[in-house]
Amino acid sequence: MCDLFEELGPDAPTLCEGWTTRDLAAHLVVREHRVDAAPGIILPALAKHTERVQNDYAQRPWAELVSTVRSGPPWYWPTSFGALDELTNTAEFLVHHEDVRRAQPDWAPRPADTSRDKAAWASVKQSAKMFYRRSGVGVTLRTPGGQSVIAHGNGEAVSVLGEPMDLLLYSFGRSAVRLSFEGTESAIATLQDASRGL
């Protein structure tokens, strides 16, 4: 992702509404360097402080900001430890990398990669029930390789078929995906209109 940041520069669009690559890089720095501001990423009561801190980081020189993302968290940060890093950062970095890639003109899915696809599918399975809790319909997520997970069991059933990366992005509320849907038109419309993600 940092290579892509350097290639595109600080003002490229992303799939994160209202954010350029500079804003996204600042977000990634805040979540791994500022214990006072990171909670505001998910806690609305603290969001204003987080926004101020993130905006301050976004003003730093682009090369410095990208270098800070690339260096990862400091040694004492919880996500500098393997298991917690994997649990909290795998989906975050997979999704945000695609937020940059897929916001560019003429994007295309990357070729299959066993390691990346395995990590994406593990993240889908881990968070499916939470992400689809407001779906309003039953949801089963399936890969072309035959893997599946029931994300929500109540209501008229919709099956979503796609590669693990696309299923992960869709679960996080992104629409720049290549998926197919099986179910009635009304059930599919209900799912597509529902709030997904955290």
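The values are calculated or read from the model by the stated rules, or taken from the named source; none is laboratory data. Remember, predicted model here, so these are calculated numbers, not experimental data. Every residue, glycine as well, gets a Cβ built from its backbone with ideal geometry; the counts of neighbours run over all protein chains shown.
Among Leu28, Leu15, which is outside the structural domain of Arg174 (by TED's automatic domain parsing) and part of a helix (DSSP H, G or I)?
Leu28
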*Could you tell me which numbered condition Leu167 fails, if it satisfies all but one of (1) buried (at least 18 other Cβ atoms within 10 Å of the Cβ); (2) over 17 Å from the mean Cα position of the chain (by Cα); (3) among the hydrophobic types (A, V, I, L, M, F, W, C)?*
(2)
*Report, by residue number, each residue of the stretch 97-123 that is part of a helix (DSSP H, G or I) and out of contact with any Pro (no Cβ under 6 Å at 6 or more places or on another chain).*
His97, Glu98, Asp99, Val100, Arg101, Thr114, Ser115, Arg116, Lys118, Ala119, Ala122, Ser123
*Keeping to the stretch 53-97, report how many residues are buried (at least 16 other Cβ atoms within 10 Å of the Cβ) and within 19 Å of Leu15 (Cα to Cα).*
12
*Say whether the condition of being assigned to a helix (DSSP H, G or I), outside the structural domain of Leu168 (by TED's automatic domain parsing), at pLDDT 90 or above and over 25 Å from Leu167 (Cα atoms) is met by at least one residue in the stretch 70-84.*
yes
